[in-house]
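Beneath this line is the structure, given in structure tokens, with notes to follow.
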Amino acid sequence: MPPTQPVKIAVRKLGKVFSSGAGSVRALDEIVLDVHDGEFLCLLGPSGCGKTTLLRVMAGLERPSSGTIDMRHDDPSRSLSAVVFQDYSVFPWKTIRENVIFPLLQTGVRRARAKEIADHWLAQLDLSGFENAYPDTVSGGMKQRVAIARALAVEPETLLMDEPLAALDAQLRLLLQEKLLDLWQANQNTVVFVTHSIDEALLLGDRIAVMSARPGRIATVIDVPFDRPRHPDEIRASPDFAALRDEIWHRLRRELQPA
Ligand SMILES: Nc1ncnc2c1ncn2[C@@H]1O[C@H](COP(=O)(O)OP(=O)(O)OP(=O)(O)O)[C@@H](O)[C@H]1O
């Protein structure tokens, strides 16, 4: 649906150039994009087009070379944003519970309360019973659920996710997509979600920003018409799904093989 909520993240003419002794790479060029309150926005584009770079700029992990990015922070008691990366970025030397507690302690939450919050989010991610396990003793899917629990536990106003399901096998990926749909339905965070998968973007996103080949620009933004709460099997079987998937694929193909 076209967004009706106020703008949460405003990206204006954003450019990013990486310079090194070997030369420079223009990763992003004149990106203009609005992300709205409570919106699930997917970023899709050819490999190397700058999706991760854009997400890292949003997270404050990279500085723009030009242009601006403005992210509204409404509630100082909540974190502005939290990031989930592809590679299960959990601390192997901490237990699963301590992984989730850690950022809460950093923000000043007392340990007893942090434990309660951690256990709540671990239960939401179906990890009850594994609180005292170490990440390396559980599966990749579970590690990624720990990373998601840790990100959600700080109640971020915006959740930034960089291909969080890409390293999982196909079946596990479908299950975690369903989990993310449920979590979004319950919490309605603003989410920016990088993916290579058109199907995943259509299933999860309210809108899909398709990027051009490097230097990345926003080639087009597609409204996803499916009502929420969403039922993945029904959506995948719908004619709209097939038509949109074709439309997006043809758009991406133009980026991959310019005329
Ligand atoms: N720290 C860096 N130093 C130099 N170049 C970089 C750096 N980070 C990214 N790049 C380059 O910027 C471009 C965009 O990279 P980025 O990882 O953002 O793309 P992407 O769309 O996320 O790629 P993929 O889909 O393959 O993950 C690439 O050419 C990459 O090599």
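One line per residue, one yes/no per condition, for (1) under 24 Å from LYS115 (Cβ atoms); (2) at pLDDT below 95:
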| residue | (1), (2) |
| --- | --- |
| TYR134 | yes, no |
| LYS143 | yes, yes |
| ILE148 | yes, yes |
| THR158 | no, no |
| LEU172 | no, yes |
| VAL191 | no, no |
| HIS196 | no, yes |
| LEU202 | no, no |
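Has region 64-85 got any residue that is at positive phi and outside any strand (DSSP E or B)? No, region 64-85 has no match at all.
Could you please find all residues in region 31-63 being of a type in the set (Val, Ile, Thr) and more than 8 Å from the ligand (Cβ to nearest atom)? ILE31, VAL32, VAL35, VAL57, listed by residue number. How many residues does region 124-155 contain that are without any contact (Cβ under 8 Å) to a residue 40 or more places away in the chain and more than 18 Å from ASP169 (Cβ to Cβ)? The total comes to 8.
Exactly one residue out of GLU157, GLU163 is among the charged types (D, E, K, R), within 30 Å of ARG97 (Cβ to Cβ), more than 16 Å from the ligand (Cβ to nearest atom) and touching a strand residue (DSSP E or B) at 6+ places or on another chain (Cβ under 8 Å): that is GLU157.
Per-residue answers, yes or no, for (1) within 16 Å of the ligand (Cβ to nearest atom); (2) hydroxyl-bearing (Ser, Thr, Tyr); (3) over 26 Å from TRP121 (Cβ atoms); (4) in a helix (DSSP H, G or I):
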| residue | (1), (2), (3), (4) |
| --- | --- |
| ALA147 | no, no, no, yes |
| LEU152 | no, no, no, yes |
| GLU178 | no, no, no, yes |
| GLU200 | yes, no, no, yes |
| VAL221 | no, no, yes, no |
| ILE235 | no, no, yes, yes |
| ASP246 | no, no, yes, yes |
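Quick check: is even one residue across region 14-27 within 8 Å of the ligand (Cβ to nearest atom) and closer than 21 Å to THR195 by Cβ? There is at least one residue in region 14-27 that is within 8 Å of the ligand (Cβ to nearest atom) and closer than 21 Å to THR195 by Cβ.
Counting only residues that are small (Gly, Ala, Ser) and over 14 Å from the mean Cα position of the chain (by Cα), region 135-152 holds 3 of them.
Rundown of residues vs (1) of a type outside the set (Lys, Arg); (2) in contact with a Phe, Trp or Tyr (Cβ under 7 Å, 6 or more places away or on another chain), yes/no style:
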position: GLU155; (1), (2): yes, no
position: THR158; (1), (2): yes, no
position: TRP184; (1), (2): yes, yes
position: ARG217; (1), (2): no, no
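Evaluating ASP87 against the criteria (1) within 16 Å of the ligand (Cβ to nearest atom); (2) modelled with pLDDT of 90 or more leaves one unmet condition, (2).
Look at (1) surrounded by fewer than 18 Cβ atoms within 10 Å (Cβ to Cβ); (2) within 23 Å of ASN187 (Cα to Cα); (3) not aromatic (Phe, Trp, Tyr) and you find that THR68 fails only one, number (2). Scanning region 202-219 for residues that are away from the ligand (no atom under 13 Å from the Cβ), in contact with a Pro (Cβ under 9 Å, 6 or more places away or on another chain) and outside any helix (DSSP H, G or I) gives ASP206, ARG207. Set side by side, the residues ALA170, ALA213, ALA166 differ, and just one is touching a Ser or Thr at 6+ places or on another chain (Cβ under 8 Å) and surrounded by fewer than 20 Cβ atoms within 10 Å (Cβ to Cβ), which is ALA166.
Is at least one residue of region 187-207 farther than 17 Å from CYS42 by Cβ and touching a residue at least 40 places away in the same chain (Cβ under 8 Å)?
Filtering region 187-207 for residues farther than 17 Å from CYS42 by Cβ gives 187.
Add one more test, that the residue is touching a residue at least 40 places away in the same chain (Cβ under 8 Å), and what stays is none.
There is no residue in region 187-207 that is farther than 17 Å from CYS42 by Cβ and touching a residue at least 40 places away in the same chain (Cβ under 8 Å).
The values are calculated or read from the model by the stated rules, or taken from the named source; none is laboratory data. Keep in mind that this is a model prediction, so the values were computed, not measured. FYI the Cβ positions are ideal-geometry reconstructions off the backbone, even for glycines, and counts take in every protein chain you see.
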